[in-house]
Amino acid sequence: MSNPRKISRRQFIREANCAAVGTASLFSSLFSLRLTAGVVSGSQLPGYKAMVCLFLSGGNDSFNMLVPRNPDAYSDYLGVRGFRDSSDNYVGLALQDTLLNPGVADADELLPISSEGQPFADFGIHHKLPILQQLYNQGNAAFVSNVGTLVEPTTLAQYKNESTQLPKGLFSHRDEQVHWQTLVPQVRGAGPKGWAGRIADCMAQVNQTGAISMNVSLSGTNVLQAGQSTVPYITAPNGAVQLKDYGTDPTTQFAADSFLGQHYRNLYERSLAQGNRKSIDTAIAFADATNTVTLNNSFPNTNSGKRLKAIAKIIAARGNLSMERQIFFLRRGGWDHHKEVITAQDALFTELNDSITAFWNEMVSRGMENDVVLFTASDFGRTLTTNGRGSDHAWGGNHFVIGGGINGGRIYGQYPLLAQGGPQDVGRGRLLPTTSVDAYGAELASWFGAPSEELTTIFPNAGNFFDPITTPFPLGMLG
Amino acid sequence: MRVAFSILLSIGLSITHAQADAEVTSVSGGKVHVELPASTSSDQLQQLEWSTNLVAWEPVARDYRQEWENTYPHQVDISGDSQTQVFSRTIDGQTRYFRVVKHPETTLTNRQAVSRFLQQATFGPTTGLIESFPGIDVAEGFNKAPYTYFEQWIDQQAEVPLFSLRKFFRERSNPAFVDNPTSRVPYEVGHNPELGHQLVYNVGSIKYAPDPADALAAGRPENDVDFGYQRGKQIVWYQAAVTGEDVLRQRVAWALSQIFVLGEEGSNQPTVTERFVSYYDIFVRNAFGNYRDILEEVTYNPSMGYYLTYVDNKAFHVQGTYPDENYAREIMQLFTIGLWMLNPDGSLILDDNGEPIPTYDNDDIVEFAKIFTGMRKRAKRTNLDYAASSNYIDPMYIQASWHDFSEKVLLDGDVIPEPQEKNQSNAKAEVDKFLDHLVDHPNTAPFVARILIQRLTVSNPSPVYIQAVSEAFSTGLYNGKGTGARGDMTATIKAVLLHPEARTPALAYDDSHGKLREPIIRLLHYARAMNITSPHTYGFFPFDQLDEVFAQSPFESPTVFNFYQTEYQPLGEILDRGIYAPEFQINTDVTSLGLLNGIWTLIYQGIANSIGRRGYSQGDLNIDYEISIAADAEALIDHLDLMLTAGRLSPENRATLISVIGDMPSDTWWWRKQRVQRALYLFALAPEFHVIY
């Protein structure tokens, strides 16, 4: 890679304001659009695009999501994860395959796929994710392997010698969840804000007359979607919440408007008043826009199902909302499998499978499958070795990306050797990542339409891994 | 529409204030020195502000108790004695202007001061609590340091018989329950036949629900006693929060439960009530006890063992698997020492490069994971509420053959040696030694101090405040009184509630003082202040689905990291100022309006619909008194200002309310009731209700 550029924090903050509105903080999602619209010059981007971030919080044990089916590699996998027998008190984590472990395995828990560009061709997807296998074989899904938070490229020797900068608070949920969202892991905390927020800051002019923020969350506040002048719009699966009696009782409306229009000395009062003002107004616009939409498919009434349904509805209402670019966020929790990986993942993957199937079908029914990309994120992967039937916090993990517009049917990144003492093992089968989240994110951002000259602002460490100007698609997955 | 006019109240919240440019009195040693004017009165705030452009001013230091101090998050040099204090700052090549702003003196009436105190110390003030407060009618000096009457009230509260959630459940569930005074966990009491079977209990795989005939006999709808099997623990919790006489104890227990979080999410048995309420009782029983005892009870609790996955954890030698690391990490990160080394005043200790210093690393976690090995649930037995074949109530024991006895190196380099005898008693001794190690760690005092302050009084305590609470925790003494044992909760709580920073009204002029209150506390405030009554068959207050409404509900924290983080910063001015506001993390477009709508529902429909489980009311506000004074709009608003906003209502908002309510008819009882309900709802739309300062 040529000219990797290390960005100090101070430099980053100066460069952060793509929209060049200084450091003034305009957190009204309605107002920020109007103010930035006039400032940024940029060509109108064609069509509509949406990114959906599905955050698996807790740390998905993703080396049971994408498993080698090459005989030697599978044998390594069996060895490090522990063979599972069919007794109730089994110990071990490995998924079974009767072809690769004949006479011993009594179940087939891997759906076969193959990939170019990896040390071997044969892989398997966790058996509860048939939609992934189907989409992968159609070329509408891909995996990114052994991806994790890094500040700069780091070898095992460098990790042990502490001779490169490392993410702060490695293996801790809170720190790693935040790092996946800020992509400035050398700085602890949420101060740098989120890379989707920075994308929205840069590209806000695209939704000039839009009724809501480019960034919409179905799972409450988050760091990913917070930007310098971008505040995500938070909504619930049942739609926007409207304030009782405000629209129907003049007394209530008068009093509310009067209270919310006061200037409050106290910072918390002031923030609350401004927030409520925005929430009341945006809910009205949002309800007007989405109430006329009917979806073509039914969605499962599960945690992720409800949220993907709401996202599908908002995407369907994009015309009413005047949105041309949208970034959605939903969190599905429950992945912190210290105790029990197999049954927990069976249930969670089944849920995801059904939600994603409904979502994909809905997008196809509207001819939008090429305009939408759904990608996963998670705190970290988990230890290859087990503590019995569970696994502990680790680092690099596997993720999947779904969309009609991707170069699917492939595993990107470098699938690692699954063995203790392997070249990526920092201990207990915690794997040093070989692909940075920066590369993963930049790929998505470039597809979304972020100009390549803005990539180092959006991803301050990107230059440590690749040259964003000449290779805005470092993986080749989306461009 | 009458024109509203504004009233300047005698409490003096006016806008104008005197300003003086502070004099830079000297320049020496590369520093600029600013002499700070002496204070003239307590309860009067002076602030030193600086600006680089004479337009945008930021407070840097303040004085409200006759001593200048930093304004968080600044850490500036203030030296001198109480007569002359000087602020010093290294010259950094940037021109800065200083000024001193002196705010008007503020006072609260006794009742306003008590109402405000009760918003910090309980789930909500009631007229009864206010009128019975020590010294409530004292003419002078009521709300002045050292806040003797408030300390008296705390001492009284420690003597009030405690509301045990476990006892409440057991008396009303399985008729076969009997008293077991020698139980390892207190309050294993027997069934009370006069109360009968009111709450779902489990015997193995069979659930026993209360009888709908009870509801019909009470003239209630048949489904009045059906809460859904998993709601038993919430029902008991609401009873304690709404009706418990030990109001301070219950509020402290709630704060502790947000440190030692145990949620039903991920539980194998969310419907089994006794194990959850028995766990929660740890905080109720020890709210005036000791932090070390709390930590021990939590560690050996099998529900926690399941939640943080260390029950049945095995040493490596047992089957070649590594010990689960979950508890080793979270007991340090969340329950005791936190992530970064701290000074007693809560500030970060920095290394030579100006970087914060971690308290532990991953190797420590791998090491300490070995300590939490061998913990096992006790055998199931009768006289407990249980499903399947497990005992999630009696404390875990340590199975020596699964325990790792190898030598352990602690954080300070101290060593727990490998014992000769690999037996249960030595295993327990090792765990105990490790718990001592964590509680004795210097970090634990400021770490716990800051969280308790954030839960009760302010989001951004000054270093002075944190230090005072830290010291009470460390010494076990407040004002020389207490057990003298490290971790004394009474001393710590007194330090939190009685510090001038929590008590003085003067800091109302400091724009970063105070906090956004927790949503569930705001909802329960209405319930308590308006004397909620229960028409329910058994007298319960079955709030429900509050996590859907405003992302907070007892036993329903989404993860062990609680509803919000101590360091959360909402986008906008709060983030720009560099201060924290945890409760804003769950204050979104959805939840903020959800709470307001929930309050509307409580006022107009009772415990029902969006905040309950039924379409009919299972709890009603008792507003008879308010209706009786409602013909006088001003009297009504002033009364609600006392009960809901503790005198914080601004003159403008007060005028709007009086005008708007005064415009409504009042000639019939029905219209007076409309006035009260409308006024109650409009108070919830005023930011002064939601924020306390």
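The values are calculated or read from the model by the stated rules, or taken from the named source; none is laboratory data. Note that the coordinates shown come from a computational prediction; the quantities given were computed from them, not determined experimentally. Every residue, glycine among them, receives a Cβ derived from its backbone with ideal geometry; neighbour counts consider all protein chains shown.
Structure summary
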read-out: Search result, residues across region B:562-590 that are at the interface with another protein chain (Cβ under 7 Å from one of its Cβ atoms) and acidic (Asp, Glu); value: B:GLU567, B:GLU573, B:ASP576, B:ASP589
read-out: Extreme residue, farthest from the other protein chains (Cβ to nearest Cβ), among residues of region B:302-315 that are of a type in the set (Phe, Trp, Tyr) and over 15 Å from A:SER391 (Cβ atoms); value: B:TYR307
read-out: Residues being surrounded by fewer than 20 Cβ atoms within 10 Å (Cβ to Cβ), modelled with pLDDT under 95 and more than 14 Å from chain A (Cβ to nearest Cβ) - total across region B:270-301; value: 1
read-out: Subset of region A:255-302 [in contact with a strand residue (DSSP E or B) (Cβ under 9 Å, 6 or more places away or on another chain), within 11 Å of chain B (Cβ to nearest Cβ) and farther than 30 Å from B:TYR509 by Cβ]; value: A:THR282, A:ALA283, A:PHE286
read-out: Close pairs from region A:391-420: first farther than 17 Å from A:LEU135 by Cα and touching a residue at least 40 places away in the same chain (Cβ under 8 Å), partner of a type in the set (Asp, Glu) and crowded, with 24+ Cβ neighbours inside 10 Å, Cβ under 6 Å, at least 6 apart; value: A:SER391/A:ASP61; A:ASP392/B:GLU325
read-out: Single residue of region A:43-63 satisfying the filter (part of a loop (DSSP other than H, G, I, E, B) and hydroxyl-bearing (Ser, Thr, Tyr)) that is surrounded by the most Cβ atoms within 10 Å (Cβ to Cβ); value: A:SER57
read-out: Residue match in region A:379-393 (condition: of a type in the set (A, V, I, L, M, F, W, C) and closer than 30 Å to A:THR164 by Cα); value: yes
read-out: Every residue from region A:284-320 that is crowded, with 23+ Cβ neighbours inside 10 Å and more than 30 Å from A:ALA347 (Cβ to Cβ); value: A:PHE286
read-out: Subset tally (residues that are in contact with an Asp or Glu (Cβ under 7 Å, 6 or more places away or on another chain) and aliphatic (A, V, I, L, M)) for region B:302-318; value: 2
read-out: Qualifying position, being surrounded by fewer than 18 Cβ atoms within 10 Å (Cβ to Cβ) and on the phi > 0 side of the Ramachandran plot, among B:GLY128, B:GLY93, B:GLY124; value: B:GLY93
read-out: Any hit, region B:599-607, residues being β-branched (Val, Ile, Thr), in contact with a Lys or Arg (Cβ under 9 Å, 6 or more places away or on another chain), surrounded by 23 or more Cβ atoms within 10 Å (Cβ to Cβ) and assigned to a loop (DSSP other than H, G, I, E, B); value: yes
read-out: Residue ranges of strands (runs of 3 or more DSSP E) in region B:27-145 with at least 3 members more than 20 Å from B:HIS499 (Cβ to Cβ) and of a type outside the set (Asp, Glu); value: B:31-36, B:46-51, B:85-90, B:97-102
read-out: Those residues of region A:388-417 which are within 14 Å of chain B (Cβ to nearest Cβ) and part of a loop (DSSP other than H, G, I, E, B), in sequence order; value: A:GLY388, A:ARG389, A:GLY390, A:SER391, A:ASP392, A:ALA394, A:TRP395
read-out: Qualifying residue in region A:203-215 (condition: over 17 Å from A:ILE284 (Cα atoms), of a type outside the set (Val, Ile, Thr) and within 9 Å of chain B (Cβ to nearest Cβ)); value: no
read-out: Residue, surrounded by the most Cβ atoms within 10 Å (Cβ to Cβ), within region B:626-677, restricted to residues that are within 11 Å of chain A (Cβ to nearest Cβ) and in a loop (DSSP other than H, G, I, E, B); value: B:ARG648
read-out: Number of the condition not met by A:THR230 [criteria: (1) surrounded by 24 or more Cβ atoms within 10 Å (Cβ to Cβ); (2) more than 9 Å from chain B (Cβ to nearest Cβ); (3) of a type in the set (S, T, N, Q)]; value: (2)
read-out: Matching residues, region B:625-675, being among the acidic types (Asp, Glu) and under 26 Å from B:LEU108 (Cα atoms); value: B:GLU626, B:ASP632, B:GLU634, B:ASP638, B:ASP641, B:GLU652
read-out: Members of region A:152-180 found to be crowded, with 21+ Cβ neighbours inside 10 Å, within 14 Å of chain B (Cβ to nearest Cβ), over 13 Å from A:ALA394 (Cβ atoms) and hydrophobic (A, V, I, L, M, F, W, C), listed by number; value: A:VAL178
read-out: Condition check for A:LYS160: touching a helix residue (DSSP H, G or I) at 6+ places or on another chain (Cβ under 9 Å) and either assigned to a loop (DSSP other than H, G, I, E, B) or farther than 27 Å from A:VAL241 by Cβ (or both); value: no
read-out: Flag for A:TRP360 being more than 14 Å from chain B (Cβ to nearest Cβ), touching a strand residue (DSSP E or B) at 6+ places or on another chain (Cβ under 8 Å) and either part of a loop (DSSP other than H, G, I, E, B) or not acidic (Asp, Glu) (or both); value: yes
read-out: Flag if B:ASP404 is buried (at least 18 other Cβ atoms within 10 Å of the Cβ) and touching an Asp or Glu at 6+ places or on another chain (Cβ under 6 Å); value: no
read-out: Residues satisfying the stated conditions in region B:455-503, i.e. among the polar types (S, T, N, Q), within 14 Å of chain A (Cβ to nearest Cβ) and out of contact with any helix residue (DSSP H, G or I) (no Cβ under 6 Å at 6 or more places or on another chain); value: B:SER459, B:ASN460
read-out: Criterion (touching a helix residue (DSSP H, G or I) at 6+ places or on another chain (Cβ under 6 Å), away from chain B (no Cβ under 14 Å) and in contact (Cβ under 8 Å) with a residue 12 or more places away in the chain) met by exactly one of A:ARG325, A:ARG318; value: A:ARG325
read-out: Residues satisfying the stated conditions in region B:319-336, i.e. farther than 14 Å from A:ASP392 by Cα and modelled with pLDDT under 95; value: B:GLN319, B:GLY320
read-out: Failed item, numbered, when B:LEU593 is tested on (1) facing chain A (nearest Cβ under 7 Å); (2) of a type outside the set (Phe, Trp, Tyr); (3) surrounded by fewer than 18 Cβ atoms within 10 Å (Cβ to Cβ); value: (3)
read-out: Filtered residue count, region A:377-387, keeping only those that are buried (at least 24 other Cβ atoms within 10 Å of the Cβ) and part of a strand (DSSP E or B); value: 2
read-out: Residue match in region B:612-622 (condition: among the basic types (Lys, Arg) and at the interface with chain A (Cβ under 9 Å from one of its Cβ atoms)); value: no
read-out: Matching option when the condition is over 30 Å from B:GLU35 (Cβ atoms), more than 19 Å from the chain's Cα centre (by Cα) and at pLDDT below 95, among B:LEU108, B:LEU129; value: B:LEU108
read-out: Sole exception among (1) surrounded by fewer than 17 Cβ atoms within 10 Å (Cβ to Cβ); (2) among the β-branched types (Val, Ile, Thr); (3) within 25 Å of A:ARG430 (Cα to Cα) for B:VAL415, by number; value: (3)
